[in-house]
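Please treat every number below as a calculation from the coordinates, not as lab data. Since the model is a prediction, treat every value here as computed from it, not as a measurement. Virtual Cβ from ideal backbone geometry, glycine too; neighbours counted across all protein chains shown.
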Amino acid sequence: MPRKPLEPRFSVEYLSILDADGNLDTALEPAIPPDRLQELYRAMVLGRRLDERMVRLQRQGRIGTFAPIKGQEASQLGSAFALRRTDWMVPSFRETAAMVWRGWPIDKLLLFFSGYMEGGQPAPDQHDLPVTIPVATQLPHAVGLAYAAQYRGDDVVVMTFFGDGATSEGDFHEALNFAGVWHVPIVFVCQNNQWAISVPLKKQTHSRTLAQKALAYGLPGIQVDGNDVLAVYAASQEAVARARAGDGPTLIECVTYRLGMHTTADDPTKYRSEEEVKEWERKDPLTRFAEYLKKRNLWREDLEAQVDEEITAAIQRFEAVGPADPLRLFDHVYAELPPHLAGQREDLAAWLRRGPGRNPEPEPPSPPMRGQRQTTRWQS
Amino acid sequence: MPRKPLEPRFSVEYLSILDADGNLDTALEPAIPPDRLQELYRAMVLGRRLDERMVRLQRQGRIGTFAPIKGQEASQLGSAFALRRTDWMVPSFRETAAMVWRGWPIDKLLLFFSGYMEGGQPAPDQHDLPVTIPVATQLPHAVGLAYAAQYRGDDVVVMTFFGDGATSEGDFHEALNFAGVWHVPIVFVCQNNQWAISVPLKKQTHSRTLAQKALAYGLPGIQVDGNDVLAVYAASQEAVARARAGDGPTLIECVTYRLGMHTTADDPTKYRSEEEVKEWERKDPLTRFAEYLKKRNLWREDLEAQVDEEITAAIQRFEAVGPADPLRLFDHVYAELPPHLAGQREDLAAWLRRGPGRNPEPEPPSPPMRGQRQTTRWQS
Amino acid sequence: MAKLNMVKALNLALLQEMERDGDVIIIGEDVGVDGGVFRVTEDLHRKFGSKRVIDSPLAEAAIIGTSVGMALYGLKPVCEVQFSGFAFQCFHQIENHAARYRQRSQGRFHCQMVIRMPYGGGVRALEHHTESEEQFYAHIPGLTIVIPSGPRNARALLVSAIRNPDPVVFFEPKALYHAAKEEVPDEVEALPLGRAQVAREGRDLTLIAYGAMVRVAREAAEVLAREDHAECEVIDLLTISPLDRETVVASVRKTGRVVIIHEAPRSFGPGAEIAASIVEGAFLSLEAPIRRVTAWDVSLVGFARERAHVPDAGRVLAAARETLAY
Amino acid sequence: MAKLNMVKALNLALLQEMERDGDVIIIGEDVGVDGGVFRVTEDLHRKFGSKRVIDSPLAEAAIIGTSVGMALYGLKPVCEVQFSGFAFQCFHQIENHAARYRQRSQGRFHCQMVIRMPYGGGVRALEHHTESEEQFYAHIPGLTIVIPSGPRNARALLVSAIRNPDPVVFFEPKALYHAAKEEVPDEVEALPLGRAQVAREGRDLTLIAYGAMVRVAREAAEVLAREDHAECEVIDLLTISPLDRETVVASVRKTGRVVIIHEAPRSFGPGAEIAASIVEGAFLSLEAPIRRVTAWDVSLVGFARERAHVPDAGRVLAAARETLAY
Ligand SMILES: Cc1ncc(C[n+]2csc(CCOP(=O)(O)OP(=O)(O)O)c2C)c(N)n1
Ligand SMILES: Cc1ncc(C[n+]2csc(CCOP(=O)(O)OP(=O)(O)O)c2C)c(N)n1
Ligand SMILES: [Mg+2]
Ligand SMILES: [Mg+2]
């Protein structure tokens, strides 16, 4: 009767397999076929190189604002790597590397970040949702997809991504609670990169870990070294298997770091120290994984060059795309164009037909968001 | 490095002092002066009797829909009892007994439940927010009050109430997270009465307890027997003291039961069994506390009669209130009446001046919500 | 053919569409075992089970958010928000996502879902239980806003809403749930979305209303016919957005005089768009200013004052007479 | 007297009001150390500390909800929602509570708070970063909706908003943040809320605009004066709701012709109420239909198409000429 702690106590695990100094816990080392290891590493390098190229493109005004992923390659690829093509991936806005891995054409992503709605269209056979910008709002969608798959009896697992800041939103809470009650096949992957723009984790929540938030929903939560692709994969693989077996949702916290800016419109020097960044550069997920592959003689010299070619080719395809046709604004608002929109479309068409002669020329719009350079491909 | 549980493990306590059979854990028995014990019991009896009277009034069409508190007297009064008048109380919609204890005149509450906005006005010296109807939306207000008090350096603790269902809302999550980060003087009292209208706790969340949801915010959480007023008081007293000492928020889960209907518009027989209700009637918070007082010779024979008189007098004051002046609709929308509202007010005034002669008489409105009887005091 | 009130008529639509299409599922608070606080989903839980009629946890944003996900997968959720006053909790999921997914994915995905919500006065409930929020949704591109005015069109419109490939916000006038019974055919009947109906023909004045206000407009029209020998055309919008401007404008071209009636507050309300559209479409036919008979610009009412707040036939009549006399 | 852009002008208003009144506090995402993503709160964190300039966790509903609580206690929060596109997350706290607490408590409490949000196009950002949502707030009784059109009035209106005893939703046109500099007096200057300004006098046509569209209206007016010898009156609303009908109606009584310009989608948008109010107040003066030049009824644009979506001087000019020729 009296005052007693509830048993069993609540517990959350931490997992690390390949640490920053390359030490490997062989007991936990996941059994991944050599060629798959190489694919995984290639995806990480592609993610890194693409990210660097995109920053340059943005600085040159050739694409618009986007959220770089540098430093988070292991946490988003080690996890997505555990999915089948028939599984669903629900990204936030910082999973470019994972999206490419999942089959998004690079040129399409570049279009997206250049303000072309066409860039947001997944292929018909692709089981991926497009980028969601309002933080955490994609989590209930992922739960709904998982519910629908379960309802239909499909062999499908859903994996969704979000950041540390996202855990503060009501949608995070409601989504995990529904997932727990419905016991759906879903894996929640939190990329805890320590910062929500300028807000550090300690100002984001008073909880020791983000993984422990799973306890509020009676769900398993695990914290992994998010820069250790083997640990991320092992935890994700386990969670995906659990979901596939009908044993419900898992919350995975990947402890990682955003090495770059929040978006190309952000200036991180305003809120964090060089030392902190240096510290984390030492823990770079690519370095330690490269070492691991070298030890296993799976290292390929020509990889970077090869990857750069792929990127360059994609950029060329992207830049070959013509100006955006304004009239497509009215496509896909409804399945069928209602009368009032048909009228507005006709007004715009008539207006465009008047061509440059129209007087006065629209004045150039005001300067872009702080930090962001103007892009040359924004106007039809 | 490898895979290990995070230490220390997370723990949540359970507290019970006076059980349903009257067994007392003397080691934990709180030291409450006899007269205070009697006050507390009186408030519980008043709450119970008022509740029963209000149901009858509603059935007779003398007041509108409301949410009965029967069975929850201990959880809402044992907690509010730990507050000072200078502390703040932020209720939901099922704290009638606690509101009366906090100084809300009964006749004013009856007015409120009769569709008179006047019933929602707290006294100038009262540190209480009025009833909040949208579930969980009052929780961030409570956190804001606590922040403001802390900011001003006032010696104030805030206590806020909500139900088991409320823990599913995003506002619950965001409020507790902010409270944790800001470390404000607040006590979150969850009256877990097992049901959210027709939805049982097991469909509300997959977590074993509601108290453990505190772990997500790095806050202390405790589950208490909510029908044991001594346990509720002991836990609340401790939480209030912690808050006052600057040691931050606490989440208290009071395990109780709604013995009556959700609201007077609800029919519980649709979703729960007689047996379940009987089972909980055995655990009635008043019975065991009465026994406790008898053993301590603090029992007063005349209490019920006295309390009933107080209620009857209040009902008479309430029923003496005249019809509602429609023009007061426009008061307090803004500090000053803006021109468009002044115009609308004038239109209504002119319309009312035309009096009954206006043609046709407005038809009587449609039948009230399921279960609810029409009230006679609804029309000006 | 059976005489049904609006609650039973809506229940019939849900039952038949669920029998017809296994992808139609119901989700909301208390929609299962309890059959909904207004009993619109009565018995469906028993018939279709708890996987298809979901008693969800208490969280509107997740009800809509998970429904969006279900719809993206191909299910056709019919969500219930217990009262329209609690739908702002999910407003971001509706505006950010339900209304946008077709366009965001450029047609790869769409949200075939219905969001049902009881709205308006007439049940003498507390705050947030009597408001009319249709305007907030009408301004969102991608949504269709439907409000029935009687049992038969309620059933027919809900059928169409469920079959509509894009999200529909379906407002149900609480005041009419039990107000009247109508013959409702057993075989499924559907009404096109986006079309208003002329509920009463007339050449002197156009009364534009929807939901519970149609009854009020008709009543005023009867009195005007009886006492003023003025014939009002009563237009029942049925779909608020996209607005059926064609029907509205055609009527005003004929009558030249208009009174708009709604339960929502006046300023920046639905009547404003109706009036603006009339000015755009029938400017030269207008013989008098367009009058709006609406609730006052006040949020909190309290049922003790509700009848002074919601338009009644008397107020419509007064406005109509002034418009006719103009 | 210093030449400031709108960002600096807003920052000055915040600085001076915080120095003047210890109850004024700032809360939002990245408003502290970072100074806000647009730098409107730059340096205030350093000056007033983290208890008064609060870098909140990432949760809009709690930013507004806790601010409501602070306001009930007597503080005067100035909340920042990082982009207006993310304010639907807190829409329930604004509509259910901030706008209602004075009335709910019958004057015992009120919410003296400002909700700042950057809105509109012009920075070529992604979805949810370019929309104009003022209509959603204008329909809520109890709120005041303010939108400045230049550095000087932005500063003066923000001062008034902070001192206003009721909640103000303060929309800041992103496109104008850095667009132009103006002389802004050092000593505090305030402009009354609820009052529109005649930005340009004229007798032939009334152009009604606000925010970034005032610039567009002025530009069209110049061309019309130059090329058509038509004198436009340009009305800068400044406060959207409560709408200054008096000023609007007075102008139309004079000109008889109106074009309304806004960045929000047209249907059920702010222009509708402006038009309806004009018909109610200046019916007999109207010589042509009221035209609305607005964004299209589309949510997703993408900055590659933004200039075809947001009104520009050319489109205003075309509408104005048709209205003049009517
Ligand atoms: C609902 C909402 N509020 C605010 C923003 C603006 N915003 C974009 S990203 C971001 C921080 C997100 O932090 P986190 O969740 O940790 O993800 P990260 O950016 O670090 O990957 C904010 C505040 C948004 N996109 N959505
Ligand atoms: C946001 C919101 N959604 C729905 C409702 C309708 N409603 C009123 S009370 C209630 C159940 C609340 O359950 P709980 O939190 O357990 O409190 P209890 O009623 O049991 O005291 C619901 C769904 C509401 N008032 N607010
Ligand atoms: Mg982050
Ligand atoms: Mg409950």
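Data overview
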{"item": "Taking chain A and dividing mean pair separation by its residue count, relative contact order in percent (alpha carbons under 8 Å, at least six apart)", "result": "24"}
{"item": "Inter-chain Cβ neighbour average for residues D:290-298, partner chain, 10 Å", "result": "6"}
{"item": "Gaussian network model of chain C, Cα within-10 Å springs - most flexible of C:Tyr73, C:Tyr177, C:Tyr210", "result": "C:Tyr73"}
{"item": "Inter-chain Cβ neighbour average for residues D:274-284, partner chain, 10 Å", "result": "6"}
{"item": "Cα-based helix-to-principal-axis angle, B:339-353 vs chain B, degrees rounded to 10", "result": "60"}
{"item": "Estimated dipole of chain B in Debye, rounded to 20 [Cβ of Lys and Arg +1, of Asp and Glu -1, Cα centre]", "result": "560"}
{"item": "Estimated distance in nm for a label pair at C:Arg46 and B:Thr269, the labels positioned 7 Å out from Cα along Cα-to-Cβ", "result": "1.4"}
{"item": "Rough spin-label spacing in nm, given labels placed 7 Å along Cα→Cβ, for A:Glu346 and B:Ala305", "result": "8.5"}
{"item": "Helix-only CD estimate at 222 nm, as mean residue ellipticity for chain C, using -39500 (n - 2.57) per DSSP H run (n ≥ 4)", "result": "-10000 deg cm²/dmol"}
{"item": "For chain C: relative contact order, % (alpha-carbon pairs under 8 angstrom, 6 or more apart)", "result": "16"}
{"item": "Hz values of 3J(HN,Hα) by residue in the stretch D:117-129 - Karplus curve (6.51, -1.76, 1.60), Gly and Pro given as x", "result": "8, x, 9, x, x, x, 10, 6, 9, 7, 3, 6, 10"}
{"item": "Nearest-20 debye value, the protein assembly as shown charge dipole, Cβ charges on Lys, Arg, Asp, Glu", "result": "420"}
{"item": "Lys/Arg +1, Asp/Glu -1 at C-beta; chain C dipole; positive extreme among C:Leu191, C:Val298, C:Pro311", "result": "C:Leu191"}
{"item": "Distance violations [Cα-Cα > 30 Å] among B:Lys202/C:Lys47; B:Lys108/B:Lys278; A:Lys108/D:Lys174", "result": "B:Lys108/B:Lys278"}
{"item": "Lysines with Cα under 17 Å of B:Lys203, excluding same-chain neighbours fewer than 8 positions away", "result": "B:Lys213, B:Lys270, C:Lys51"}
{"item": "Among C:Leu44, D:Ile147, A:Ser168 the positive-end extreme of the charge dipole of the protein assembly as shown (Cβ point charges)", "result": "D:Ile147"}
{"item": "Helix D:60-73 vs. chain D, principal-axis angle (Cα, 0 to 90°, nearest 10)", "result": "70"}
{"item": "C:Glu227-D:Glu246 FRET efficiency (beta carbon distance; Förster radius 35 Å; 0.05 resolution)", "result": "0.45"}
{"item": "Computed FRET value (nearest 0.05) for A:Arg59 with D:Glu19, which takes r as the C-beta separation and R₀ as 56 Å", "result": "0.90"}
{"item": "Residues A:Asp128, B:Asp347, sorted so that the one with the fewest Cβ neighbours within 10 Å comes first", "result": "B:Asp347, A:Asp128"}
{"item": "Ranking of B:Leu129, B:Leu145 by count of other Cβ atoms within 10 Å, fewest first", "result": "B:Leu129, B:Leu145"}
{"item": "Approximate spin-label separation A:Glu279-D:Met1, in nm, with each point projected 7 Å along Cα-to-Cβ", "result": "5.1"}
{"item": "Mean residue ellipticity (222 nm) of chain A, computed from DSSP H runs ≥ 4 via -39,500 (n - 2.57), nearest 500", "result": "-12000 deg cm²/dmol"}
{"item": "Net lengthening on full extension, A:Glu291/A:Ser11 (0.36 nm per residue, minus Cα-Cα)", "result": "97.5 nm"}
{"item": "Top positive-direction residue, dipole computed over the protein assembly as shown with Cβ charges, set A:Gly103, B:Leu129, D:Ala212", "result": "D:Ala212"}
{"item": "Degrees separating the helix D:245-255 axis from the principal Cα axis of chain D, which is the longest one", "result": "20"}
{"item": "Ordering of A:261-271, D:141-151, A:168-178 by packing [mean C-beta count within 10 Å, highest first]", "result": "A:168-178, D:141-151, A:261-271"}
{"item": "Relative exposure of D:Asp312, C:Asp228, judged by other C-beta atoms within 10 Å (fewest first)", "result": "C:Asp228, D:Asp312"}
{"item": "Computed FRET value (nearest 0.05) for A:Ala313 with B:Ala27, which takes r as the C-beta separation and R₀ as 56 Å", "result": "0.15"}
{"item": "Mean Cα-pair separation over length for the stretch D:1-145, i.e. relative contact order, pairs under 8 Å, 6 or more apart, %", "result": "20"}
{"item": "About the Cα centre, charge dipole magnitude for the stretch B:79-150 (Lys/Arg +1, Asp/Glu -1 at Cβ), debye", "result": "140"}
{"item": "Per-peptide average of other Cβ atoms within 10 Å, ordering A:319-326, A:13-20 highest first", "result": "A:13-20, A:319-326"}
{"item": "Net charge, B:Tyr151 excluded, C-beta distance under 14 Å - Lys, Arg +1, Asp, Glu -1", "result": "0"}
{"item": "Number of partner chain Cβ atoms within 10 Å, mean per residue of A:119-129", "result": "3"}
